[in-house]
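Student: One structure, pasted below without further comment.
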Amino acid sequence: MTADMLDPLIHVPARLRIVATLAALPEGDTLSFTRLQEMIGLTPGNLITHLRKLEDAGYIDTEKTGNGPASLTTVALTHHGRTALDSYTSTLRDLLAGL
């Protein structure tokens with residue numbers, strides 16, 4: 001088992017924190033963009049960039065409601081994202097067990 005087998009999309013520290021934070025929620029629950037930003041500690045622009053990459057891969061879903069200051073963006077981990085994180089953590093455990 002090698003580190004090359006780790007999902008490079010999740011392996012980026014900021015994205016790993018995002019996916020792990022969302023995985024701690026019950027399946028189907030969401031976090032607001034603002035709350036996720038506070039929990040992860042990223043700037044809005046940086047968080048948006050990472051969320052787009054995760055959404056393009058089908059790991060998360062985002063939903064925006066409203067316009068202007070009243071708008072709310074929510075983020076949720078998809079079933080595919082949860083499966084990818086489970087695979088990532090299993091691979092990482094196996095890699096560490098081999099040390």
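The values are calculated or read from the model by the stated rules, or taken from the named source; none is laboratory data. Computed from a predicted structure; not experimentally measured. All Cβ positions, even for glycine, are placed from backbone atoms using ideal geometry, and neighbour counts span all protein chains on display.
Student: Applying the selection to the range 43-67, what residues are among the hydrophobic types (A, V, I, L, M, F, W, C) and within 15 Å of Ala20 (Cα to Cα)? Lay out the reasoning, then the answer.
Tutor: Taking the range 43-67 and keeping what is among the hydrophobic types (A, V, I, L, M, F, W, C), we get 47-48, 51, 54, 57, 60.
Within the range 43-67, Leu47, Leu51, Leu54, Ile60 meet the criteria.
To keep it simple, each residue is scored yes or no on (1) modelled with pLDDT under 95; (2) in contact with a strand residue (DSSP E or B) (Cβ under 6 Å, 6 or more places away or on another chain).
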{"residue": "Thr2", "(1), (2)": "yes, no"}
{"residue": "Arg15", "(1), (2)": "no, no"}
{"residue": "Ala24", "(1), (2)": "no, no"}
{"residue": "Glu27", "(1), (2)": "yes, no"}
{"residue": "Thr30", "(1), (2)": "no, yes"}
{"residue": "Ile48", "(1), (2)": "no, no"}
{"residue": "Ala57", "(1), (2)": "no, no"}
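Student: How do the pairs read when you match residues in the range 41-62 that are on the phi > 0 side of the Ramachandran plot with residues anywhere that are assigned to a helix (DSSP H, G or I) and surrounded by fewer than 15 Cβ atoms within 10 Å (Cβ to Cβ), using Cβ under 8 Å and keeping only pairs 6 or more apart or on different chains?
Tutor: Hits for this filter: Gly58/His80.
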